[in-house]
1. Kindly write out, for the range 455-465 in residue order, the coupling ³J(HN,Hα) from the Karplus curve 6.51 cos²θ - 1.76 cosθ + 1.60 (θ = phi - 60°), rounded to whole Hz, with x marking Gly and Pro.
2. If you restrict to DSSP beta bridges whose two residues both lie in the range 577-688, what percentage is antiparallel, to the nearest 5?
3. If you roll a 1.4 Å probe over the range 562-643 with all protein chains in place, what percent of the accessible area is carbon or sulfur?
4. How many angstrom lie between the Cα centre of the range 320-363 and the Cα centre of the range 485-546?
5. When a/c is below 1.5 the answer is rounded, else prolate if a/b is larger than b/c, else oblate, so apply that to the range 165-244 with a ≥ b ≥ c taken from the square roots of the Cα gyration tensor eigenvalues.
6. Show me the ranking of peptides 660-670, 608-618 by mean Cβ neighbours inside 10 Å, starting with the highest.
7. With all protein chains present, how much of the accessible area of the range 247-378 (probe radius 1.4 Å) comes from carbon and sulfur, to the nearest whole percent?
8. Enter the accessible area of VAL646 (Å², nearest 10), with the probe set to 1.4 Å and all protein chains included.
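The values are calculated or read from the model by the stated rules, or taken from the named source; none is laboratory data. What you see is a predicted model; the values in this text were computed from it and never measured. Cβ: placed from backbone, ideal geometry, glycine included. Neighbour counts: every protein chain shown. Each accessible area value is taken on the protein alone, full model and side chains, heavy atoms only, with ligands, DNA and RNA left out. Shrake-Rupley method; radii C 1.70, N 1.55, O 1.52, S 1.80 Å.
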Amino acid sequence: MRMKTRLLYVLAAVALLAAACGGEEEPGTTAAQPTSDTAAATPAPAGEPIRIGLVYDIGGRGDQSFNDAAAAGLDRAASELGIEFSEASANEDGTNREELLALQASEGADLVFGVGFLFGEPMANVAAEFPETSFAIVDSVVDAPNVAGLIFAEEQGSFLVGVAAALKTETNTVGFIGGVNIPLIHAFEAGFLAGVQAIDPDIAVISQYVTEPPDFAGFNDPAAGRVVAQSMFEQGADVVYHAAGGTGAGLFQAAKDYSEANDTHVWAIGVDSDQYLTAGEFQPHILTSMLKRVDVAVYNTIQAVQDGSFEAGPQVFDLSVDGVGYSTSGGFVDDIVGQLENWKDRIVSGQVSVTRDPAELAIAPPPAVEAGAPVNIGLVYDIGGRGDQSFNDAAAAGLDRAAAELAVGTSEASANEDGTNREELLALQASEGANLVIGVGFLFGEPMANVAAEFPETNFAIVDSTVDAPNVAGLIFAEEQGSFLVGAAAALKTESGIVGYIGGVNIPLIHAFEAGFLAGVQAVDPSIQVLSQYVTEPPDFSGFNDPAAGRVIAQSMFEQGADVVYHAAGGTGAGLFQAAKDYSEANDTHVWAIGVDSDQYLTAGDFQSYILTSMLKRVDVAVFNTIQAVQSGTFQAGPQVFDLSVDGVGYSTSGGFVDDIAGQLDDFKGQIVSGAIIVSRDPADYQG
C-alpha cells in the first residue's frame, strides 16, 4: 500500500504501558507497583538457589525467534546464577497451557514463566491457585499480586529496522509480514511503517498477515511465510521484515530463492532475537533483526526472585533500557548505524513518539458494505471462460456458491481470445455498481491496477497475483505444496519409473507447479525420471487453452515410457486426458493423467478412468471467502494466502484410485504444514 505523504509520529501507548512508569531498579527493566493490595508471593531467601519453570508457546525452544529468546535468558540464568530449571512447550493447539503452568508450580518452582500473551487467562487461574509462587508472563499483564508482566516497546525497535529498510531499499518498495492480525503484532507493523516514512514517505510498504484470530498458526507456518514473501519480492519489494515467529524461516528461504533465481539480492529482517546468528545458509540475506530482549527480561526477573526483589505488575522494556533494538551481525548496516543511533536518541529523548496503531499511518481501505445491504459481484474470467473445466470453472464454482448461500447479485464476463479487453471488462463491472470485482488470473494485474485507481470506492480481487493498491486483495496459492502431493502420488503409482509434467506457459507461476511435482516425486524415489515440457513461451499465452498441443505432448511422453503425467495448463489439459485414453487403448495398457485446479475427474466424462487424482487449487474457496468478506465488512486488501494449512490447495480422491496411498500423502501434508518439509517454487532446486 502507498503510505500518506506526510510523516506522522503519534504517541498511542496502551494503558498498561502508561501504568508502568515507575523508577528503574535494574538494567533493562522499569519497575511498577503490584496491581492490587493483596500481599505478593513470598520471595525466595536472597542468595539461595531457586527453581524456575518455563513454559514456551507453540513452536517451543528451537523456533529461532521468540521462544529461543526466552530460552537464552533461561540458559544465562542457569550459567550465571546457578538456578535449577524445568521447561515445557505448549502443544500444537495450545490447549495445555494451563496444565503446564500448574505442573511447574506444583513441582515446586519458585518462579513460573509463560512465554506469550496467550498464557494470560491460564496464568490468572494458576496464579490464584498457587499464591505463594511467583509468575511472569511475556507480552501481557495479569492483574494478580504474584504475576509480573514483561512487556516491550516493539514499535520503537521496529521503527529502527523500518529506517534501515528505507535506507537500504533500491526499489522503493518494502514489505511487512505479521504472523497473526492482532494488536500486539500491529505494534511491529506501525513502528516499521513509521520508520520507513521517517526516511521517505513515498516508499511503498506491502503488508500482509498470515492468519486471522482465533487461528494462531501464523506464528509457526514457514511454508505460508515463504509464499507471502515470494509474492512481495515478485511485486518489487527488496527488503521484507517479519514479526511472525517460526513463520519467518519461510521469509529467509524466499529471500535466498528469489535472489538466486533472479540474479539479484533481496533482504530479510528478522525479529525478537538476532536471527543472523541462527540463519545458517541464509545469513547473507539477513539485513538486521529487531531485537526484542525477551532474554534480558527473563534473566532479570529470575535474578529479582533470587535476590528477593521480585515485583508484580507491568515491567516495561523499551529503547531507553535497551529492551528493544536492532542487530548489527553481518555488518550489513554498519554504514547506516550513525543514522539509526540518531533516530534512537530522538525516540529516547521524546522528540519522536511512535504509534502502536498502523491505521494512523496507512491509507484507509474502501468503506465496508453496510451490514445487510445487497452486495453485487462482478467476475471477469480469463481466456477460455466458464466451461474450461479447470481454472475458470473453479472461480465460477465459488461465484455460484456465493449466489446460492449469500444471495449476492452476480454479473460475469470472459476475456476475448487475445485478452485485450481485460481492462475494459473490469471497468464495466465497476461502473455498473459492483461492490467487488474479481479478475481470474495474473494477467489481470496491470489492467486491475489501472481500474482500481479509477474506482477507489470499489473493492477488487485478483487471482494468482497481487496489486499494490488499498482496495485490491491478491488471492494467491501455495501451488507447490499441492503439486508436491500429486508428485508423491505419481511416484507411488508409477510402474515404469518415468513420469511427466506439462506446463501451459513457461512463467514463474507455472514453475511453482513443476517444482512441487518434482519435489514430491523425489521425496518418494529420487531415481524416478521426470519428463517436463511447456506448451508455449511468453508472451504467447495460448498454451493455457490448446488441447491439440496438450495431446501431442502427452502422447510423446507416454511413448517415452511415462505412465503418469501431470498438467498445469488449463484447458490444454483436455488433450492430456484424450492422449491417456488413446495410448492405453492402442497399447493394451493403462496410463494415468493428473488434473489441476479443480477435481477434473468430476468433469472428465469418458476419461474418468484415467484421472488418477487432481491437484486442487481452491480458487472456489478463495472467491467465496472474498465475497463473504465484502458482505460482512471484513474485506482486506493485500495478499491473501491459501496453502495446505487452510486447505487452499490439496489433492482429490474421486474415483478411489489413490485410496491405498492416502495415508502416505496425508503424512507428507502434515510434514509440510508443520514446516518439517519446505517446498521450493523453483524447479532448479530439484534438477541436477
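1. So the Karplus estimates, Gly and Pro as x, are 10, x, 8, 9, 7, 10, 9, 10, 8, 6, 7 Hz.
2. Details: 3 of 8 bridges.
Of those bridges, close to 40 percent are antiparallel.
3. On the way: 1100 of 2430 Å².
Accessible surface attributable to carbon and sulfur in the range 562-643 totals 45 percent.
4. Answer, in whole Å: 46.
5. On the way: a/c = 2.91, a/b = 1.49, b/c = 1.95.
It is oblate, given that a/c is not under 1.5 and a/b is not larger than b/c.
6. Put in order of decreasing packing, that is 608-618, 660-670.
7. Values: 2300 of 4880 Å².
Summing carbon and sulfur atoms, their accessible area is 47 percent of the total for the range 247-378.
8. 70
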